[in-house]
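The structure appears below as C-alpha cells.
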Amino acid sequence: MIQLSVSDAKLHCNHVKPEQCWAIAVSDVVLIAEYTTDEGPKVDDYFLVFITREEGELYYSNVTMYAAGINESLTALESLLGCSLELALSSSTEMKSRVVWPQKLAGSAYFRYEQVVPEGFWDRVRSRVQGTRMESHVADSVCEYLAALNQPEPHINATESTPSP
C-alpha cells in the first residue's frame, strides 16, 4: 500500500518497499505535473510527479494518484503553496501529461511523446502484435524552465569603499 501525507511542511510518500519511500520539503518543489499511461485499468495508470531543487540538484519524485491520502495531501499542498492545483487527466485512458504547477506553465504538456520505430524482425512482429510503442521525454518548455532554475546564482562582488581624505 502506498500512503501520501503532508506534515511539518513536507510531503511524505510511504511505500511497502522502503527503497521507494521519499519525503520532500514543499518549499523545494519547483514543478508539479500529472501524467497518464495507457496501461490501465489493471495497473496504476495515473501519476503525479514532484520536481524539487535541493542544493542545486533537481530530483523527481513520483506517486500514483491511487495512493491513500492523496486528496488530503493535495488539499494541504494547495494551502502551503497558496494556490489551487487543478487536475484534469483523471478520466484519460491514453498517454497524456500536463503541468499542474507553477501557474505560468499550468496546462502545458509535461511530456512529449515519440513513436519508437521497430528495429529488426522481432521488433516489427512485436509491434504488430502489441501495437506501436511510445517513449516519453520531458517537454522542451519544461526543460527550459528547469534549466533556468538550475543556473548558478550570480555572485555579486561587493567591496567596501572608504572615502578619500
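For the reader, a short list of remarks on this structure follows.
- By the count of other C-beta atoms within 10 Å, a proxy for reagent exposure, Phe50, Phe121, Phe111 are ordered fewest to most as Phe121, Phe111, Phe50.
- Taking other C-beta atoms within 10 Å as the exposure proxy, Trp122, Trp22, Trp101 rank Trp122, Trp22, Trp101 from fewest upward.
- Net +/- balance of residues flanking Arg112 in space, Cβ distance below 14 Å, scoring K and R +1, D and E -1: -2
- Met65 long-range amide H proximity, modeled H, under 5 Å: Tyr46, Phe47, Leu48
- Our coupling estimate for region 18-33, obtained by passing each phi through the Karplus curve with A = 6.51, B = -1.76, C = 1.60 and θ = phi - 60°, is x, 5, 9, 7, 7, 9, 9, 6, 4, 5, 8, 6, 10, 7, 10, 9 Hz, Gly and Pro reported as x.
- Proximal charge balance of Ala23 [Cβ under 14 Å; K/R count +1, D/E count -1]: -3
- Proxy reagent accessibility, fewest Cβ within 10 Å first, across Cys13, Cys143: Cys143, Cys13
- DSSP beta bridges fully contained in region 1-134 are about 95 percent antiparallel.
- Lysines whose Cα lies under 28 Å from that of Lys42, excluding same-chain neighbours fewer than 8 positions away: Lys17, Lys96
- Along each principal axis, taking the top coordinate minus the bottom one, the Cα set of the chain gives 88, 40, 30 Å in descending order.
No lab work stands behind these numbers, since they all come straight from the coordinates. Keep in mind that what you see is a predicted model, and the values were worked out from it rather than measured. For neighbour counting, all protein chains shown are included, and Cβ atoms are generated from backbone atoms with ideal geometry for every residue, glycine included.
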